[in-house]
Ligand code: HEC
């Protein structure tokens, strides 16, 4: 029987990526089931923030979102709450979140 290639988990498949994110990641000891709910507290369930101090994420450029979260994680972009949110995230989780929010309809 020929070996079938595994389906590719690409950045172009946000729903697939988010499925992987919601499943318990074997790479991290902590289950991340509530990540998006945590973000939603500030950025809105639909990626549209209700607070004027918080940026909208919906429809934002995927690469931009990824870069900003990596910068928060490293401390290059300074912000207390976002540093706290990003500090335990893997690059894979950040990529999945960036793809998820980029795919949401902008306001
Ligand atoms: C406690 C509230 C809070 C939570 C929770 C939160 N954020 Fe944020 N986030 C902010 C604020 C405030 C900013 C703006 C930071 C600044 O002014 O530099 C921000 C900025 C960002 C940015 C940069 C947006 C831009 O336009 O530059 C991204 C991306 C982001 N957050 C993603 C997330 C993700 C993903 C989560 C969940 C893991 C999350 N945030 C959770 C408050 C929050």
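When 35, 52 are sorted by how many other C-beta atoms sit within 10 angstrom of their C-beta, beginning with the fewest, the order is 52, 35. Once the Cα-Cα distance is subtracted from the 0.36 nm per residue extended length, the residue 80 to residue 48 segment shows a gain of 9.5 nm. Sorting the segments 77-86, 94-103 by their residues' average number of neighbouring beta-carbon atoms within 10 angstrom, most packed first, yields 94-103, 77-86. Treating each Cα of the stretch 47-107 as an identical point scatterer and ignoring solvent, apply the Debye formula and state log10 I(q)/I(0) at q = 0.25 Å⁻¹. Reported log10 I(q)/I(0), two decimals: -1.08.
Only the coordinates and a few stated rules stand behind these numbers; no lab work does. Fair warning: this is a prediction, and the values are worked out from it, not measured in the lab. As a convention, Cβ positions derive from the backbone with ideal geometry for all residues, glycine included, and neighbour counts pool all protein chains shown.
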